[in-house]
Amino acid sequence: MSVDPDKKMDLRRSELFDFQGVSMTHFFTDNWENIQNFQARPDDILLATYPKAGTTWVSYILDLLYFGQTSQERQTSIPIYDRVPFLEIMLPSMESGVDLANNLPTSPRLIKTHYPVQFVPKSFWEQNCRMIYVARNAKDNVVSYFHFDKMTLTEPDPGDWSSYLHRFKEGKMVFGSWYDHVNGWWKKKQTYSNLHYMFFEDMVEDTGREIDKLCRFLGLSPSVDEKKQITGGVQFDNMKKNDMVNYSAFPVMDFKISPFMRKGKVGDWKNHFTVAQSEEFDEDYKKKMKDPTLQFRTVI
Ligand code: A3P
């Protein structure tokens, strides 16, 4: 995905609007018809997340599991967002996510989405595709999203932290409410058995264990050496300095404001929430998160 440098100036911060009951920006709805008509194949793997839950991390793990041994060139010359296309994205003067996905030469095709479960194109369900959902605790998720929105110049203006936090609780974020998103996908897991639900916090706690679980789900059995290589390659510090996965070449981000690979921690929310904000957040959280089977950790 490359962008014409002269067109870069056309990129403006977008506005949120209600799209079928979900807050969205036009970059992720402009191509709606083509997205909904996307023809999934039975071996496609769909990686779904609420933004900032660890999408890139798991994208890279999947890419290494499937293609890490096959092509060195892929690893050194194709950025992760081209290897694992973002299905719904449509940015000015860039190839759309649908076109990128349709042009993928690989099998399986690894495809990423931030859509809430009800927006997933129907062919993925019809083809019984494997899906991986990654969820992250709400407090760290909103902090990460705040920094991302500051540095990503196509996102709505995040404003100050306290108003941003308010908006998050109201679900007025791109891709809607975090609460609806994590619950919607969790509920889906009860009826759709080809869905593997993962947690960012588990990944930080023991990446190797979570890769093992992922491999069991995918029916993969990497060698000990391969597994070691992958676990090492996907560590935060290694990904941060890997230009093919750290988004340094992505045109709409301003790394002077914040890096994409920012901290990669569980509990950074404590550096952002005041005590009062945390208490209010917890009160509101209890009202919204009624399903006792879906539990998040805000510390590990
Ligand atoms: P922070 O902003 O808290 O650092 P996404 O890929 O969904 O946009 O998520 C980005 C978040 O995942 C960022 O969180 C980023 O630092 C974190 N992340 C990415 N790779 C990681 C890794 N290998 N280990 C830990 N965190 C990682």
Practice task
With both partners inside the chain, how many of the DSSP beta bridges are antiparallel, as a percent to the nearest 5?
Solution key: 20
Practice task
Could you check the simple spin-label distance between THR29 and ASP206, using points 7 Å along Cα→Cβ, in nm with one decimal?
Solution key: 4.3
Problem - Carbon and sulfur %, accessible surface of the chain computed with the full protein complex present, 1.4 Å - result: 50
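Classify the chain from the C-alpha gyration tensor, please: rounded if a/c falls under 1.5, else prolate or oblate depending on whether a/b exceeds b/c.
Numbers: a/c = 1.28, a/b = 1.15, b/c = 1.12.
Note, shape of the chain comes out rounded.
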Exercise for the section: Taking H placed 1.01 Å from N in the peptide plane, check which residues at least 5 places from GLU95 or on another chain put their amide H under 5 Å from its amide H. Expected result: SER2
Exercise for the section: Within the range 219-284, report the trypsin sites (Lys or Arg not before Pro) that DSSP leaves as loop and that have at most 11 other Cβ atoms within 10 Å. Expected result: LYS241, LYS256
Practice task
Calculate, in nm to one decimal, what ARG74 and ASP254 gain on full extension: separation in residues at 0.36 nm each, minus their alpha carbon distance.
Solution key: 62.3 nm
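Accessible area per residue for the chain in Å², computed with a 1.4 Å probe and the full protein assembly in place, what is it? Write down the numbers at each step before the final one.
Numbers: 13560 Å² over 300 residues.
It amounts to 45 Å² per residue over the chain.
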Exercise for the section: Scan around ARG109 for amide H atoms under 5 Å from its own, H built in the peptide plane at 1.01 Å from N, and keep only partners 5 or more places away or cross-chain. Expected result: ASP44, ILE45
Practice task
Pop out the ³J(HN,Hα) list for the range 122-131 in order, Karplus 6.51 cos²θ - 1.76 cosθ + 1.60 with θ = phi - 60°, rounded to Hz; leave Gly and Pro as x.
Solution key: 5, 5, 5, 6, 4, 8, 6, 5, 6, 10
Fill in the blank from the handout: Karplus-derived 3J(HN,Hα) from phi for the range 267-272 (6.51 cos²θ - 1.76 cosθ + 1.60, θ = phi - 60°), whole Hz, x at Gly and Pro, runs x, 5, 4, 5, 7, 10
Completion exercise
For the range 17-288, the dipole about the Cα centre with charges only on Cβ (Lys and Arg +1, Asp and Glu -1), to the nearest 20 debye, works out at 520
Completion exercise
Cross-link reach from LYS188 to aspartates and glutamates, straight Cα distance under 19 Å and at least 8 residues apart if same chain, gives ASP44, GLU126, ASP180, ASP291
Handout entry: Label-point gap, in nm, between SER193 and GLN20 - each point 7 angstrom along Cα→Cβ
Key = 2.8
Handout entry: Placed amide H near HIS196: partners under 5 Å, 5+ positions off or other chain
Key = MET131, ILE132, TYR133
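Which value at 222 nm does the chain reach when only helices count, each DSSP H run of 4 or more adding -39,500 (n - 2.57), with the total divided by all residues and rounded to the nearest 500 deg cm²/dmol? Let's see the in-between values first.
On the way: 14 runs with 124 residues, N = 300.
My calculation for the chain gives -11500 deg cm²/dmol from helical runs alone.
The values are calculated or read from the model by the stated rules, or taken from the named source; none is laboratory data. It should be emphasised that the depicted structure is a prediction, and the values quoted were computed from it without experimental measurement. Using ideal geometry, Cβ is built from the backbone for each residue, glycine included, and neighbour counts are taken over all protein chains shown. What goes into the accessible areas is simple: the full protein's heavy atoms, side chains included, and nothing from ligands, DNA or RNA. Shrake-Rupley method; radii C 1.70, N 1.55, O 1.52, S 1.80 Å.
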